[in-house]
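Enquirer: Dumping the structure here so I can ask a few things about it.
What follows is calculated from the coordinates using simple rules that are stated; it is not laboratory data. Keep in mind that what you see is a predicted model, and the values were worked out from it rather than measured. Every residue, glycine among them, receives a Cβ derived from its backbone with ideal geometry; neighbour counts consider all protein chains shown.
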Amino acid sequence: MLEQIKALDIITINITASNTLFDEIIVASAESTRQARAFVNNLKERLRGTGHSVLSVEGETSGDWVLIDLGDLIVHVMKPDIRTYYNLEDLWQETSSTEKGEQQQVR
């Protein structure tokens, strides 16, 4: 769906093994704050027809980093410099890998 609204560098991370609050994280980039806000509005419109509901949206006013909470799925739309600085992909993938390694050692 994010591809259809021209989000960039979309990555999906399954974190069910390391988190009980949500199952997946989607991280995508927006070229500008205006584009990030447009992504959020477009995503809200597209979700209305699917039965999914937006539980909350954070950061829509600034548009530098917008978090969309869909319950089991969290979508982050970030400007590239913010995305590089926080590096959520590596943070969550590293957490998932560490937890998997710990689970294998316990067995």
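Enquirer: How much FRET efficiency would the formula 1/(1 + (r/R0)^6) give for Asn14 and Ala38, where r is the Cβ-Cβ distance and R0 is 35 Å, rounded to 0.05?
Expert: On the way: r = 27 Å, r/R0 = 0.78.
E between Asn14 and Ala38, to the nearest 0.05, is 0.80.
Enquirer: What list do you get for Glu45, Glu60 if you sort them by fewest beta carbons within 10 Å? The partial results should precede the final answer.
Expert: Values: Glu45 10, Glu60 16.
Final ranking by Cβ density, sparse to dense: Glu45, Glu60.
Enquirer: Here's a follow-up. Given H placed 1.01 Å from N in the peptide plane, which residues other than close sequence neighbours of Asp23 have an amide H under 5 Å from its amide H?
Expert: Counting only residues 5 or more places away or on other chains, the set is Leu73.
Enquirer: What is the calculated FRET efficiency for Asp23 to Tyr85, with r their C-beta to C-beta distance and R₀ = 25 Å, to the nearest 0.05? Could you put the intermediate results ahead of the total?
Expert: On the way: r = 26 Å, r/R0 = 1.02.
It comes to 0.45.
Enquirer: Let me ask another. Counting DSSP beta bridges in segment 8-88, what percent are antiparallel, to the nearest 5? Provide the component values of the computation, followed by the final result.
Expert: Working: 13 of 19 bridges.
Percent antiparallel among DSSP bridges in segment 8-88 is about 70.
Enquirer: Further question: As a footprinting exposure proxy, order Lys79, Lys44 by other Cβ within 10 Å, with the fewest listed first. Mind dumping the intermediate values first?
Expert: Numbers: Lys79 20, Lys44 14.
Ranked by crowding around the Cβ, least crowded first: Lys44, Lys79.
Enquirer: Arranged by the count of other C-beta atoms within 10 angstrom, fewest first, what order do Arg37, Arg46, Arg83 take? If you can, show how the numbers build up before the last one.
Expert: Numbers: Arg37 18, Arg46 14, Arg83 22.
Lowest count first: Arg46, Arg37, Arg83.
Enquirer: Per-residue HN-Hα couplings for segment 10-22, Karplus 6.51 cos²θ - 1.76 cosθ + 1.60 at θ = phi - 60°, whole Hz, x for Gly and Pro?
Expert: Per residue, the Karplus-derived 3J(HN,Hα) values read 7, 10, 10, 10, 7, 10, 4, 6, 10, 8, 9, 7, 8 Hz.
Enquirer: Determine Rg/Rh for segment 8-88; Rg is computed over alpha-carbon atoms and Rh is the Kirkwood hydrodynamic estimate from the same atoms.
Expert: 0.96
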